[in-house]
Structure formats: C-alpha cells, structure tokens
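The structure under discussion appears below in the form of structure tokens.
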C-alpha cells in the first residue's frame, strides 16, 4: 500500500503485518491527516519539516494503539510505515 499527496509533498508506504490491509490503510490515512492538521512546529535541533513528520508519525502510532485497545479483534495486526516529505529544497525521511 502506498500514498502520494502532492499538495503536502508526502510519499509514504505501509506494509501490512498480520494478514490484514486495514492497519496499513489506517496508518496512511492518519499520517496524511496528521500532516494536514499540523501547524508549524518550532524545532530546536532538527528542521521543522522533520519535526512535523516525526510528530505525524507519533500521532499515527498513538491513534493505532488506542484503536487496538478498543478493538481486541485487531490485536496482533500492524503496519510498517515509511514516509518522505519534500518541501522546497528540503527532504524529511522516516
């Protein structure tokens, strides 16, 4: 599964783990939405683009964990997620 969001310069790939595509689809949707909703992050050491991508990935993980806690049927499922965000002449990679 993959997603490309040209308006956010987001390119992401999610590999389902556990026999269901649901976690991968969920992860890609939440990641994109988290970046859409993100306000500028003021990073101290890392570039803003990296901080925003890292925050979006953490939000994705937190939402998945909450979903699993509330739905025992999806316990044991997950996704491996990789993302690249390109802004101007900068690239943020996870």
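The values are calculated or read from the model by the stated rules, or taken from the named source; none is laboratory data. These figures come from a predicted structure and were not determined experimentally. Cβ placement follows ideal geometry from the backbone for every residue including glycine, while neighbour counts extend to all protein chains displayed.
Key figures
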read-out: Single match in 90, 67 (criterion: surrounded by 15 or more Cβ atoms within 10 Å (Cβ to Cβ), over 11 Å from the mean Cα position of the chain (by Cα) and either under 14 Å from residue 10 (Cβ atoms) or modelled with pLDDT of 90 or more (or both)); value: 67
read-out: Conditions (1) in a helix (DSSP H, G or I); (2) modelled with pLDDT of 85 or more; (3) surrounded by fewer than 16 Cβ atoms within 10 Å (Cβ to Cβ); number of the one not met by residue 36; value: (2)
read-out: Criterion (modelled with pLDDT of 80 or more and within 18 Å of residue 92 (Cα to Cα)) met by exactly one of 57, 77; value: 57
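Let's see how each residue does on (1) more than 14 Å from residue 8 (Cβ to Cβ); (2) touching a residue at least 24 places away in the same chain (Cβ under 8 Å); (3) more than 10 Å from the chain's Cα centre (by Cα):
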position	(1), (2), (3)
32	no, yes, no
36	no, yes, yes
51	yes, no, yes
63	yes, yes, yes
71	yes, no, yes
83	no, yes, no
